[in-house]
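All remarks here apply to the structure that follows.
The values are calculated or read from the model by the stated rules, or taken from the named source; none is laboratory data. None of the values given here were measured: they were computed from a predicted structure. Here Cβ is always computed from backbone atoms with ideal geometry, including for glycine, and neighbour counts include all displayed protein chains.
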């Protein structure tokens, strides 16, 4: 008897639980969805990551200065291209805005962009003194190429 | 309780069918309600398999011998630990356990992705539910774990004594977790193919899962080796047994994938290849299950044999047909954006490394299935023994270790001659020096000298990587050495965690080489009070003790171990006679140090002459393998630990949409 009861409870519970989204019309459809990173954002991140690694490889002596300069220029171009494309299309790209919003301010545009944090790679505003993502102090290098060093 | 368990698996099977159908239909028609119902089905599936596992556990613990499974794999005198382990001690239970682990993985995937990858998730859910449903269908229609007997035996026939070992409680679960979790990357790969969202989103989503399953496959293999070493009593740990091979092959392809996936992330190359590796890894786990359970191949694992082989073969066929079909359909979308620029580049070493891994996997596959094929085709069963595997795989293994030393220091895209010279000066010196030292110390074996030399080369590369990186950070940031080292690792966990794993692999490799090349073996009769010399140790036979419990009779030999006349301690090799089923087993005793293992086996003992026959082995450096296992764990943890950015991203994703973040 008890077994039959438990069995009934299991069957009913499973049936209601599975049918619920159909009965309530939509189920979890209102659940918040984290937008996927846009292709441009990914491009930018990949390029920044590659720049960091390239710089470190140069310091480790794995790559000649000449190769380093060439490769770095390519990567910088790629990052900037992704950035400007992302900003140009930001109205139709809600994904990029919300992804960057937990890093740099969503309104950061190229005009305001100060460069990329060399510690975490996030973009920062021109007047920023600390990286909003990792908290590293940003030192102005004056190179004007949009990249600042952190630390001493 | 068996009725509840039976109900749970039948219902679970129905739920799996509904869930996969609803998910696929919902995905195709973009019907959110259907997709949500599929998600709920995935959770319900986990709950139901959980109920089934609990029901079986309850039956085992209450020793309900009316249930066929309980009567076959436990007894009233079986200790509690092994009674719990009996859950996966028999074929039916292990299939249920397998399904349960898969269901848990599925539930975790659902929770992780509740706010993301929404387009792909229906197909992920469907793939995992179809796989889970397949396993349950075997339990529902073919081999019911809750089957009752027409009578109740007064006693169960007990767990196979070979399985009554502490490794039993950890080896099968870790290997199963490794096998089963390969389903997750596979499901995401299929979902990417099905939806056409072929960017590397699926790769980033499953990166940790791939590493997770690789880690558990590594542990499963290593634990299996350790178990074989202490239980089977032949002095070794690996015999290229079909079932060992079955667990080794997915590890190989999964290792290949972990490497080649970096090329896709960084260079946008090898997209098709990575898909193939993920599909292959999953297919190999199913193939492994087929090998273990079909009985087509005789193996040390014969305790899980059954007539389920054809079902696994059919399922394997369906998996390959569907996934490769999808892959061919999407081929035009998977073109590489880049090309290999130079053979002296890190990309090239990665490619070579993949060739080695897949080459070894193919060799192992061929050696494993050849006996079956030859029997089918020519009617003659030819056994492929360890010499075949060793001869082909030893050079490939050496080449892999060599690449391990080359890859990290060589630059991406192309390396210049001068940078190569600078990078390899120390490692090459270390390699040559080790070779010379090994030669001088009398390691006469060519293979061993080369292996030690290459291992030392690879280790030197790894250490210089840490050293140089630390020095650069010290100079750049003005940090103290330890801070610099920990931040170096922290900032690039995948790279340095990977290096730690490489160190572990070198340790395992050195352990394997030393213990197989320099092994000493002696079979000898020793009279009580007399001693025998082996590899610098003196072993004295001090006597025999007999013990008896209602479960088992134990005959224990007392051996005193001396080094240079100094007593180090005692070891007690045993012969056991289990009463249910009546079966003798050998319990080895090992005197283990970092340098070598003295491995003792009691053969027979003659009361009249007071002579015991022993098999003694001296296995050099075998503990390096087990220590390597710990290092491997450490490296994997470093790799898997979330970075600062990932932790903040995760925290942000928990904040409901619409609310503002203050930053």
task: Collect the residues in segment B:121-143 that are closer than 16 Å to residue B:192 by Cα and either away from chain A (no Cβ under 13 Å) or surrounded by fewer than 24 Cβ atoms within 10 Å (Cβ to Cβ) (or both), keeping them in residue-number order.
output: B:123, B:124, B:126, B:127, B:128
message: Yes or no: segment B:471-487 includes at least one residue that is more than 14 Å from chain A (Cβ to nearest Cβ), surrounded by fewer than 21 Cβ atoms within 10 Å (Cβ to Cβ), closer than 28 Å to residue B:209 by Cα and touching a residue at least 12 places away in the same chain (Cβ under 8 Å).
response: yes
task: Tally the residues that are buried (at least 19 other Cβ atoms within 10 Å of the Cβ) and either more than 7 Å from chain B (Cβ to nearest Cβ) or over 19 Å from residue B:345 (Cα atoms) (or both), restricting the search to segment A:57-66.
output: 1
task: For segment A:71-94, name all the residues that are at pLDDT below 70 and in a helix (DSSP H, G or I).
output: A:86, A:87, A:88, A:90, A:91, A:92, A:94
query: Is at least one residue of segment B:407-430 more than 12 Å from chain A (Cβ to nearest Cβ), surrounded by fewer than 22 Cβ atoms within 10 Å (Cβ to Cβ) and touching a residue at least 60 places away in the same chain (Cβ under 8 Å)?
result: no
- request: Would you check which residues across segment B:55-78 are free of Cβ contacts under 8 Å to residues at least 40 places away in the same chain and under 21 Å from residue B:171 (Cα atoms) and list them?
  value: B:57, B:60
- prompt: If you scan segment A:9-37, which residues turn out to be within 7 Å of chain B (Cβ to nearest Cβ) and at pLDDT below 80?
  reply: A:25, A:26, A:27, A:28, A:29, A:31, A:32, A:33, A:34, A:36
- request: Considering only segment B:176-290, give the helices (runs of 4 or more DSSP H) lying wholly within it that have at least 1 residues that are within 30 Å of residue B:520 (Cβ to Cβ).
  value: B:201-231, B:242-267
message: So if I check each of B:318, B:382, B:360, B:314, which one is outside any helix (DSSP H, G or I) and more than 14 Å from every other protein chain (Cβ to nearest Cβ)?
response: B:382
- prompt: Just wondering, is there one or more residues in segment B:618-630 that are assigned to a loop (DSSP other than H, G, I, E, B), at pLDDT 85 or above and closer than 30 Å to residue B:500 by Cα?
  reply: yes
task: Out of B:209, B:167, report the one residue that is modelled with pLDDT of 85 or more, surrounded by fewer than 24 Cβ atoms within 10 Å (Cβ to Cβ) and under 27 Å from residue B:94 (Cα atoms).
output: B:209
message: For segment B:1-33, give me the residue count where each residue is without any contact (Cβ under 8 Å) to a residue 40 or more places away in the chain, at the interface with chain A (Cβ under 10 Å from one of its Cβ atoms) and farther than 13 Å from residue B:129 by Cβ.
response: 5
- request: Only residues in segment B:150-171 that are assigned by TED's automatic domain parsing to the domain that holds residue B:93 count as the first member; pair them with residues that are surrounded by fewer than 18 Cβ atoms within 10 Å (Cβ to Cβ) and assigned to a helix (DSSP H, G or I), Cβ under 6 angstrom, at least 6 apart or cross-chain, and list the lot.
  value: B:160/B:303
query: With respect to residue B:12, is the statement that it is under 28 Å from residue B:59 (Cβ atoms) and either part of a helix (DSSP H, G or I) or under 31 Å from the mean Cα position of the chain (by Cα) (or both) true?
result: yes
- request: Look at residue B:466 and say whether it is at pLDDT 90 or above, in a helix (DSSP H, G or I) and either within 14 Å of another protein chain (Cβ to nearest Cβ) or out of contact with any helix residue (DSSP H, G or I) (no Cβ under 7 Å at 6 or more places or on another chain) (or both).
  value: yes
- prompt: Looking at B:520, B:512, B:534, which is the one that is closer than 30 Å to residue B:604 by Cα, more than 14 Å from every other protein chain (Cβ to nearest Cβ) and touching a helix residue (DSSP H, G or I) at 6+ places or on another chain (Cβ under 8 Å)?
  reply: B:512
message: Going by what's in this entry, would residue B:23 be described as farther than 20 Å from residue A:12 by Cβ and crowded, with 24+ Cβ neighbours inside 10 Å?
response: yes
- prompt: Residue check, residue B:443 against (1) touching a residue at least 60 places away in the same chain (Cβ under 8 Å); (2) within 14 Å of chain A (Cβ to nearest Cβ); (3) surrounded by fewer than 20 Cβ atoms within 10 Å (Cβ to Cβ); (4) not in a helix (DSSP H, G or I), all met but one. Which one?
  reply: (2)
query: Is it true that residue A:40 is more than 11 Å from chain B (Cβ to nearest Cβ), touching a strand residue (DSSP E or B) at 6+ places or on another chain (Cβ under 7 Å) and either under 23 Å from residue B:491 (Cα atoms) or modelled with pLDDT under 75 (or both)?
result: no
